1. Given the DSSP H assignment, sum -39500 (n - 2.57) over each helix run of at least 4 residues in the chain and divide by its residue total; what's the result at 222 nm in deg cm²/dmol, nearest 500?
2. Suppose every Lys and Arg Cβ carries +1 and every Asp and Glu Cβ carries -1, with no other charges. What dipole size does the range 18-112 come out with about its Cα centre, to the nearest 20 debye?
3. Binning at 10 Å from 0, report for the chain what percent of all alpha-carbon pair distances ends up in each bin.
4. Quick one: Cα centre-to-centre distance for the range 1-50 and the range 94-121, in angstrom?
5. Considering the dipole of the chain built from charges on the beta carbon (Lys and Arg +1, Asp and Glu -1) around the Cα centre, which of Leu8, Phe30, His91 is farthest to its positive end?
6. Can you tell which of Ala66, Ala19, Ala81 shows the greatest fluctuation in a Gaussian network model of the chain with Cα springs below 10 Å?
Amino acid sequence: MRDGPDTLLDTLCSTGSYAKLEAANGLSWFFHTPRGQFKVLNKKKDPVWVAPDWDYWERKEPIPSARSSDRLRPNVMGDYALGFGNGYYIHGTLYNRLIGQSVTHGCVRLDDAPLEQVYRTAPIGTPIFIY
């Protein structure tokens, strides 16, 4: 994280695995982290993840309706999340030992302390550069 020429935070993160999931119905998902310039569009404290269809395909479980409360997963994204569009977030993780590896479904995962610093420092509209 930078403020002009000053580095405020230098930390490891996890990004997309680049794995492809193919469902029996012909749908497929490619788990990459998008590259480019973005902005913080929203911020959430204690975010609740809404599991998409691919999560159920991946776990070989029946897919509930889009409005089902079964899709709501508290505590999965850590204490904070910063959205930057199309369902992508900078957020925490249940698997801190994997920070620094390409293991996500596309989001950017941070350890708890760096995530809190980013959340408290970056207001909505802050530029995000992913390369």
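1. It lands at -3500 deg cm²/dmol.
2. 240
3. 12, 41, 34, 11, 2
4. 9
5. Phe30
6. Maximum fluctuation in the GNM of the chain, among the listed residues, is at Ala66.
Read the figures in this text as sums done on the coordinates, not as results from a lab. The model shown is predicted, which means the values in this text are computed figures rather than measured ones. Virtual Cβ from ideal backbone geometry, glycine too; neighbours counted across all protein chains shown.
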